Every structure is written in C-alpha cells, then in structure tokens.
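Colleague: Please read through the structure below; I'll follow up with questions.
The values are calculated or read from the model by the stated rules, or taken from the named source; none is laboratory data. Just so it is clear, the model here is predicted, and its values are computed rather than measured. With ideal geometry, Cβ positions are generated from the backbone for all residues, glycine too; neighbour counts draw on all protein chains shown.
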Amino acid sequence: MALAIGGTHLIPLTDDVRARCHQADGDASTVEGFHELTQGIARWAQQLSRGWMVLYAHCEFFGGDGIHAAIAWYQESVIFGPSFTRTRGEPADPPYQVAVRPDMAINAGLRALGIQASGGHDEFATIGLGKHRWTNNWLTE
C-alpha cells in the first residue's frame with residue numbers, strides 16, 4: 001500500500017514488504033553505507049524505476065540530531081546519490097558528512113526528483129514527511 005502526499009507516493013518498507021523483497025530476491029545483505037537498504041530492496045527500487053523516479057530515503061532523528069541517507073533511480077539508473085548526511089549536533093563518521101538542513105540527503109534527493117521547497121519549508125516538510133514519523137503508522141493514517 002502506498003501513501004500519497006502531494007503527488008508523491010511513498011511505499012512504507014514494513015517488515016512484511018522487506019520480507020517479500022528478500023524472499024523474491026534472495027539477497028538481504030545491506031548496500032554499502034546504508035543501515036537498512038538491502039540489495040534486494042535496491043534491486044526492487046531499480047526495477048520500479050523503469051516507470052517512475054524512485055527515491056529510497058532513510059531518516060533517524062532524536063532530539064533534533066540525526067542522519068539522512070538517500071539514493072534515487074530513474075529508468076534503472078542511479079540519478080542521485082548515494083548520499084549520507086548528519087546534522088551538526090554529533091560528529092559524522094564516514095560515509096556520513098555534516099550538512100545543514102537544506103543540504104540533508106533526503107532534501108537533496110527530493111530536489112533530484114523535481115520536488116521544490118515552498119512556503120519557507122525544506123523539501124522534506126513541503127511534501128509533509130514530518131507528519132509521518134513512524135513508517136508502520138502510515139498504514140493507519
């Protein structure tokens with residue numbers, strides 16, 4: 001099930017979706033640099049990109065500090081990233097780089113897909129991602 005936000009469709013990577021990808025692909029190893037993006041999910045995203053631009057985005061925040069990781073595909077080719085960013089509140093261990101909010105990986109990835117910031121918000125907030133903090137809750141909203 002996808003969640004539509006302002007013309008953008010999000011597919012929550014629930015445990016069930018992850019299991020289906022891993023079962024179909026047989027490869028649950030992670031893509032270098034990513035905490036949770038597996039080879040199977042990356043191949044699925046690449047296949048989906050035959051018809052759409054696809055962005056994989058991972059975000060973890062606590063108390064205002066956190067990380068973004070993102071990569072995008074279109075027509076089975078990488079068009080953005082991989083990009084790994086961290087807020088200024090903590091040191092950035094490779095491959096993460098410290099970035100200011102407008103340059104965080106998810107914002108940059110959304111720009112690569114043509115999404116523009118508006119209303120004084122960054123791209124993340126413009127499409128309402130801040131309203132959907134927990135992926136598993138998307139299905140009940």
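Colleague: Does segment 92-102 contain at least one residue that is touching a residue at least 40 places away in the same chain (Cβ under 8 Å) and farther than 20 Å from L37 by Cβ?
Modeller: Within segment 92-102, not a single residue is touching a residue at least 40 places away in the same chain (Cβ under 8 Å) and farther than 20 Å from L37 by Cβ.
Colleague: Could you check, for segment 65-81, whether at least one of its residues is modelled with pLDDT of 90 or more, in a loop (DSSP other than H, G, I, E, B) and within 23 Å of K131 (Cβ to Cβ)?
Modeller: no
Colleague: What number goes with the only condition from (1) farther than 18 Å from T126 by Cβ; (2) assigned to a helix (DSSP H, G or I); (3) touching a strand residue (DSSP E or B) at 6+ places or on another chain (Cβ under 9 Å) that E32 does not pass?
Modeller: The single condition E32 does not satisfy is (2).
Colleague: Which residue is modelled with the lowest pLDDT, if the candidates are limited to segment 1-48 and must be among the polar types (S, T, N, Q) and loosely packed, with under 15 Cβ neighbours inside 10 Å?
Modeller: Looking at residues that are among the polar types (S, T, N, Q) and loosely packed, with under 15 Cβ neighbours inside 10 Å, I get Q23.
Colleague: Confirm whether T87 is of a type in the set (S, T, Y) and touching a Gly at 6+ places or on another chain (Cβ under 7 Å).
Modeller: Yes: the conditions hold for T87.
Colleague: Filtering segment 91-141 down to residues that are in a helix (DSSP H, G or I), at pLDDT 85 or above and of a type in the set (A, V, I, L, M, F, W, C), which residue is nearest to the chain's Cα centre (by Cα)?
Modeller: I106
Colleague: Kindly establish whether F84 is aromatic (F, W, Y), modelled with pLDDT of 95 or more, within 13 Å of L37 (Cβ to Cβ) and assigned to a strand (DSSP E or B).
Modeller: When the stated conditions are applied, F84 passes them.
Colleague: How many residues does segment 69-86 hold that are crowded, with 17+ Cβ neighbours inside 10 Å and either in contact with a Lys or Arg (Cβ under 8 Å, 6 or more places away or on another chain) or hydroxyl-bearing (S, T, Y) (or both)?
Modeller: Total meeting the criteria: 3.
Colleague: Still on this model: In segment 43-62, what count of residues is obtained for those that are small (G, A, S) and touching a Ser or Thr at 6+ places or on another chain (Cβ under 9 Å)?
Modeller: The qualifying residues number 1.
Colleague: Something else now. Hey, can you tell me all the residues within segment 87-111 that are out of contact with any Lys or Arg (no Cβ under 9 Å at 6 or more places or on another chain) and surrounded by 19 or more Cβ atoms within 10 Å (Cβ to Cβ)?
Modeller: Scanning segment 87-111 gives A105, I106, A108, G109, L110.
Colleague: Return yes when G51 is at pLDDT 85 or above, assigned to a helix (DSSP H, G or I) and out of contact with any strand residue (DSSP E or B) (no Cβ under 6 Å at 6 or more places or on another chain) and no when it is not.
Modeller: no
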